[in-house]
1. Say each of Val176 and Gln76 gets a label point 7 Å from the Cα, pointing the same way as Cα to Cβ; how far apart are those two points in nm?
2. Nothing charged except the Cβ atoms of Lys and Arg (+1) and of Asp and Glu (-1): what's the magnitude of the dipole of the chain about its Cα centre? Round to the nearest 20 debye.
3. Which distance in nm do the two modelled labels at Gln34 and Lys224 give, with both placed 7 Å along the Cα-to-Cβ direction?
4. Taking θ = phi - 60°, what integer Hz values does the Karplus form 6.51 cos²θ - 1.76 cosθ + 1.60 yield along segment 183-200, in sequence order, with x for Gly and Pro?
5. Please turn the phi angles of segment 118-135 into ³J(HN,Hα) values with the Karplus equation 6.51 cos²θ - 1.76 cosθ + 1.60 (θ = phi - 60°), one per residue in order, whole Hz, x for glycine and proline.
6. Pop the C-beta distance of Met100 and Asn155 into the FRET formula with R0 = 25 Å and round what comes out to the nearest 0.05.
7. For the chain, what's the relative contact order in percent, using C-alpha pairs closer than 8 Å and at least 6 residues apart?
8. In the structure shown, do any of Lys72/Lys105; Lys50/Lys75; Lys56/Lys105 have a Cα-Cα gap over 19 Å, and if so which?
Amino acid sequence: MSTGSTDNASPIRLTVLISGSGSNLQALIDQCGQPALPDASIIRVISNRKDAFGLKRAETAHIPTAYHNLVKYKKQYPDTNVPPTFEMARSEYDKDLAAMVLADKPDIVVCAGWMHILMPTFLDPLSQAGVPVINLHPALPGRYNGAHAIERAYNDFTQGKTDHTGIMIHYVISEVDMGQPITTRRIDMKKDESLDQLEQRVHENEWELIVLGTKMAIDDLQAKRRSGGQP
Ligand code: GAR
């Protein structure tokens, strides 16, 4: 059963998860209530880093924020870098994250630069509540999963192994960056472009694609609700 809004008249409630600068969060903030995202409202921004600049962006936009701190969980499970205690700390952390997120009754969770892998202890309760989780990743499906995706694509380009990279918005499953794509954008590499320049170009495209992908996920959710199906 869905926990969020039940009809198309109520705005779709978005919870946004961030870890850093929050430039993609800013793109969502700027477009909520505008033609690109007319029926959406960000109800909370949650960060796993206390000093994430994205928290300031949210506060400036009068959006409630929360900081979910892994340190407490690492202390509970010493030797946290050694399996299986690492997984235990992360599992507990994600279980509490799910409770924190679901308490707000969101319709959709958007990972906008959230740099933790989401575990089943997060994803299962969200799925049971009918709340889709979507993610922005700076690579095309099946390419450069995980961290440093832009840099790895750039290195391949400099070695003549590829002539493009891309971006995707996808539904999140427990396999990292492997969920069903919602929308993708190819980005062709340019000769003589530096890594910094490529990163900037990727980010500028992300600011458009995260808005488009969120809109598509909203449309998908609303269509499923209209047909009486579960998300
Ligand atoms: C973005 O480039 C996003 O694609 C990336 O983190 C950055 C966040 O920037 N996410 C991932 O790599 C997820 N695997 P922001 O904090 O300025 O939005």
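1. 2.3 nm
2. Details: 24 positive and 28 negative charges, 73 e Å.
Value, rounded to 20: 360 debye.
3. With each label placed 7 Å out from Cα toward Cβ, I get 2.8 nm.
4. Calculated HN-Hα couplings, in order: 7, 9, 9, 7, 10, 6, 6, 10, 4, 6, 7, 7, 4, 4, 5, 5, 4, 4 Hz.
5. Result, ordered by residue: 7, 9, x, 5, 8, 5, 5, x, 5, 5, 4, 7, x, 10, x, 10, 10, 9 Hz.
6. On the way: r = 37 Å, r/R0 = 1.49.
After rounding to 0.05, the efficiency reads 0.10.
7. Numbers: 426 pairs, mean separation 47.2, N = 231.
Value for the chain: 20 percent.
8. Values: Lys72/Lys105 25 Å; Lys50/Lys75 17 Å; Lys56/Lys105 23 Å.
Cα-Cα > 19 Å for Lys72/Lys105; Lys56/Lys105; rest within.
Taken together, the values in this text are just the output of simple stated rules run on the coordinates, not laboratory data. Small disclaimer: the values here were computed from a predicted structure and weren't measured. Every residue, glycine among them, receives a Cβ derived from its backbone with ideal geometry; neighbour counts consider all protein chains shown.
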